[in-house]
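These notes are about the structure you will find just below.
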Amino acid sequence: MALERRTLHGGRLKAAAYEAREQRLEIDFVDGERRIFKAVPAEVWRRLVAAPNPAVFYADRIEEEYAVERARAGGAADARSKLDSLFGAGSSTPEVADNAPDDGGNARGMRDGDASRANKGGD
């Protein structure tokens, strides 16, 4: 029961997958939504992936023709693994650095020497 997955180009479609035995078609959208259609004949899958514009074929021949279930493409575990691959696996709570400048109590952000000169009336 292996899904055959293909990348789709055009419109808001990102990818599609088909499982022939169950006649299940999964469509992934660029916004992360996944729609799962049931009882979709293999011919519809073949025509979708061969279409010059799969988004138009989807809208005309699939979107309102088959029973659909909505889900999110990927998942929390998938998202976590993508973040870990970008930033490295580690603690779940990142350290927050205090990036506020230490101006020594000088609200205008002058250097110490500038502040003392300003208090004396300048140089």
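Bear in mind these aren't lab numbers, they're just calculated from the coordinates by the rules spelled out. Remember, predicted model here, so these are calculated numbers, not experimental data. Glycine gets a Cβ as well: all are built from the backbone with ideal geometry, and neighbour counts include every protein chain shown.
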Open item on the list: Within 15 Å, Cβ to Cβ, of residue 53, how many net charges do the neighbouring residues add up to if Lys/Arg are +1 and Asp/Glu are -1?
Closed with: +3
Open item on the list: Can you give the local net charge around residue 63? Use residues other than it whose beta-carbon is closer than 13 angstrom to its beta-carbon, Lys and Arg +1, Asp and Glu -1.
Closed with: 0
Task: Net +/- balance of residues flanking residue 17 in space, Cβ distance below 10 Å, scoring K and R +1, D and E -1 - done: 0
Open item on the list: Over 14 Å apart: what share of the alpha carbon pairs of region 1-41 falls there, rounded to a whole percent?
Closed with: 42
Task: Computed Kirkwood radius, in angstrom, where 1/r is averaged over Cα pairs of region 1-73 - done: 11.9
